[in-house]
1. Enumerate the pairs (first residue in segment A:186-204 and closer than 22 Å to A:L397 by Cβ; second residue anywhere and small (G, A, S) and part of a helix (DSSP H, G or I)) with beta-carbon separation below 6 Å, excluding pairs fewer than 6 apart on the same chain, so at least 6 apart or on different chains.
2. Looking only at segment B:148-186, how many residues end up being in a helix (DSSP H, G or I), free of Cβ contacts under 8 Å to residues at least 24 places away in the same chain and within 13 Å of chain A (Cβ to nearest Cβ)?
3. Go through segment A:75-112 and give me each residue that's small (G, A, S) and free of Cβ contacts under 8 Å to residues at least 40 places away in the same chain.
4. Determine if segment B:69-80 includes at least one residue that is under 24 Å from the mean Cα position of the chain (by Cα), facing chain C (nearest Cβ under 8 Å) and either buried (at least 21 other Cβ atoms within 10 Å of the Cβ) or not basic (K, R) (or both).
5. Name the one entry in A:F68, A:F80, A:F106 that is among the hydrophobic types (A, V, I, L, M, F, W, C), crowded, with 22+ Cβ neighbours inside 10 Å and at the interface with chain C (Cβ under 10 Å from one of its Cβ atoms).
6. How about segment A:258-280: which of its residues are more than 26 Å from A:G196 (Cβ to Cβ) and at pLDDT below 90?
7. Where the second residue is basic (K, R) and modelled with pLDDT under 95 and the first is over 25 Å from B:F214 (Cβ atoms) and lies in segment B:80-103, which pairs have Cβ atoms under 8 Å and are six or more apart or on separate chains?
8. Scan segment B:110-121 and give yes if some residue there is polar (S, T, N, Q), assigned to a helix (DSSP H, G or I) and loosely packed, with under 15 Cβ neighbours inside 10 Å, otherwise no.
Amino acid sequence: MRLKSVVLTLFVATVLFAVTGCSGAMQKKPVTIKMAYMQGQSVTKEQTEKIFEEFTKSNPTIKVDVTFIPAGGSGWNDYFTKIQTMIAGGNAPDICDVAIEGIRMFVSMGLAQPLDGFIKAHPDAIGDAFTDINPHLEVPFKIDGNTYGVVNNWNNVVMHFNTKLLKDAGLAVPKENWGKEDLLKYCAKLTKTVNGKKQFAISIPNYYFGAEAWLYNNHASVLNADMTKCTLNEPNSVEIFQLWQDMVQKYKYAPYPDPNVDAINQLITGQTAMGSWGRWPVQEYKNNNFTDVAVQYLTNFKTNVVEFGSGGTVVLKSSKHLDEASRVAIWMSSSYFIKNYYGYSAIPTRKSVADEVIPAAGVPQNYDLYYKTAEIAVPVQAPPQYAVIATIFDRYLSEILSKPVSVKDELDKATAEIDAVLAGK
Amino acid sequence: MGSFVAGNLRKHRHFRDNLTGYLFILPALLTFLVFIGGPIVASVFFLDFCKYNILTPPVYVGLRNFLKLFSDPMSSTVFLNTFKFVAILVPLHVVIGLLLALGVCRKIASPLKYYYRTAIYFPVVVTVSAVTIIWTYFFNFDFGVINYFLNLVGIQSVPWLKSGDWALVAVAIFSVWKGVGSSFIFFVIGLQNIPDSYMEAAKIDGANWFHLFFKIKLPLLTPTMFLVLTTILINCFQIFDEPFLITNGGPGTSTRTIALQIYEQAFRSYDMGYASSFAAVLFAIVLAITVIQFSFQKKWVNYDYE
Amino acid sequence: MAADKKDGLRMAPRIIVEVVMILVSVFFLIPFLWAISTSLRLPKDSLNLPPQFLPTSFQIANYGSLFTLFPFFPFILNSIVVAVAVTVFQALFSTMAGYAFARIDFKGKNLLFIAILSGIMIPGQSIIIPQFLVVKTFGLMDTHWAIILPYLIFPLGIFLVRQFMMTIPKSYDEAALIDGADRFRVFWSIILPMSVPSVAVVSVMGFIGSWNNFFGPLIYLNTWEKMTLPMGLKVLSGFNGTGSLSVILAGVVISFIPPILIYAFGQKYLLQGTTLTGLKS
């Protein structure tokens, strides 16, 4: 009896060992993928970890370690600086969240791993992403024929209106293709003092992404088409900067954009009536139960180009587990991830998810403008030197808005400085 | 024989004193060498002659960083701005700190004294990024608290953070509010250390307020003044938090200081070598001023009463 | 008689001084009042003009959303851990060195003292880059060590402790040493207890320095979990989604609490603990 049980146990043990040994050889050891993501979106770390539980269900051998990087006031710039510091400091993540603003820098520094090989070898991982995602949005992440990420979120720039203030002024949301005259008319009617409270018509976009959207609509841009020269001092660009300066200094339609004051909050509280942003204010609208808001295309100065920026997850070349890292990165473009992560803070790149999430959020009133623009949208200009150029841009914009300086002179200086950066000096 | 033993003992004692002396200063000395002494040598004699972006090893480039520094118009801007801050802030901190200390060190009820002291010193203690949030709302041009009250009394809104010159003033006001408590507290200590007998004697001699202050208090306070001046000068030369948090160096470049320039070159552009050349020049300036200060201190600092 | 007259004459200036001092103290306190009362207002009223310096409503919910929307509690905890570590070790290192410089004769003492003291004159910005490289080489990036270790050396603290200890008569050490105590015993059980005021001063200064340290975390810390309050508040103020200034100010107000406690504990020492004999060259 005793002997029998011993033999039996040994037998079972041997079989078990053989089986597990065998499967152990087939299955890889569990690996941990360190993912860095920018804090400032609407989802907390705990919620993000919960989203990844879904991934672990089908990929039990990959563990995702979520690291949130706090980005101070200046958004992407600070975030990329932090990622670079992590890499320099020797604790680089395996994958990280990168927006259009940074992707060329990552590629030019040789930090990003092309995903084409992995995608080809693992059609199961990519699924229907490339049929569901509008190919326009993917363009920024295709560089020199390589795919450096599958975009999962994007934003355009549209004009947001506080509809209550419009109604009080006897105005309606303007029609598509509203021009400069309309804009000035709206501004004049929306600038007033109500019960001793100052009300401004509009917030000037004091950041590169928002500002270039205005330039685009006047046939202008920060850089030329192949992003080798700065074109800020060309007449069409000067015209827009002049308009901004006048709106702040001459007409007083707009408050001076203090970087410490949250312009979105001012739209909510009724201190301003209009502002140009993407979909990221929706989270703040929701938190404040603010529903008196509608969107429309930016003013058509000479044309109506909708600017956009998209973002995706990049695999760092330095990762020791490229395959697993790629699998996580690509899963972050799945419907499940996008739906749960980008509910309020950006436009989902997958049409199927956008169609579900955007109406569910309810605000702003004519939200269909968001995904619709994917077809015509043009990416914001972000060369490898984006971070430095954006800093120079911000500096000159604040100079022009704050002082009665000559717009042309300042933009000449800005152009010279940005050209020097592009020339690699 | 006896003296021989004593001598030996003394020698032994000397040896032990040397050893224990070194052991006692070892932790401080080690951290000093690793985090202050070594770095300053590396900054001044090595990094500023290199091109270095952290990811690849440093390359010796000779004086190139300094040539760039002296030809870049941004350099003169940041040096000028820093000098402006020093010129505004050092006298303000010293004079206001002293006046407040005199205002508190009087014969008044001690709860009142405690209240004044706490009110003035408390901003020193709190986190700078917490109070800059408050002050930027105070300074806001269109919605700010200060301009609201100015308008009430019929004064036009002041472009605190909008205009380059006013931004300098705004940062200075904040800096005094936040930091004058430290010079204040040093002066309070200095005033309290003046023996009452000195004052009593002078009063009996019929000295008036003016005399008491200029002939007795002020000379006795000169050592405190010297310490305050030294530390404030250095703090002002490296002013970073205030312009970084309130104006981010703007508008334009009007509040961009040497420290902001170093931060931006080093940790945004990753040009460690170029940033180090600014660090070296900053060090040279502070060193020169400190040497001058120390060589002049005999002329005005009074150590007779110690 | 004459004295009485004089006092009578002095009443007017006295009142003026008192009024000025009260106005000054209001200037120092009013930002705090505004922060506290605004943190208790409805988010949509946070930017209202005219400004109200006293609470108009009590929206405790703002404090609640601070902790639910935002990992605020870990910031406070991190800040306390780091500040306490810096305070304790910096004070220990400073008092040990101060003791040696004040009361032990050893070779090269003056030279070493001047070398360390010269640290007061070195602007932090001039050494930040090599310091960063040291931290990186030790593999301490994004750890709390990075904002503890470089701040353990405090030349001004060493100076203040030394000055204080120099005022204690040497006979205390001599007597104990003859009785057979060793230097460490003398330091720990005789001189240190007598120097408590100056140690308290150095500790308070160390705590404040660490509690306020903004630049260190800015360059050394990357991840959310490691952040201390100064960076945390900066992030909070640029954070889309908290919804309002009221919530941000709730965070600001909470950040005042630990320094208030430290001040309450330290202020009596702060005033008696420092003999400011000058920096003689």
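The values are calculated or read from the model by the stated rules, or taken from the named source; none is laboratory data. None of these values were measured; they are calculated from a predicted model. Please note: Cβ atoms are built from the backbone with ideal geometry, for glycine as well, and neighbour counts cover all protein chains shown.
1. A:S203/A:A263
2. Within segment B:148-186, residues that are in a helix (DSSP H, G or I), free of Cβ contacts under 8 Å to residues at least 24 places away in the same chain and within 13 Å of chain A (Cβ to nearest Cβ) number 4.
3. Across segment A:75-112, the qualifying residues are A:A88, A:G89, A:G90.
4. Checked segment B:69-80: no residue is under 24 Å from the mean Cα position of the chain (by Cα), facing chain C (nearest Cβ under 8 Å) and either buried (at least 21 other Cβ atoms within 10 Å of the Cβ) or not basic (K, R) (or both).
5. Unique residue meeting the criteria: A:F68.
6. A:P259, A:W280
7. Sorted first by the residue in segment B:80-103, then by its partner, the pairs are B:N81/B:R256.
8. Initially, segment B:110-121 is screened for residues polar (S, T, N, Q), giving B:110, B:118.
Adding the requirement that they be assigned to a helix (DSSP H, G or I) leaves B:110, B:118.
Next, only the ones that are loosely packed, with under 15 Cβ neighbours inside 10 Å stay: B:110.
Yes, segment B:110-121 has at least one match.
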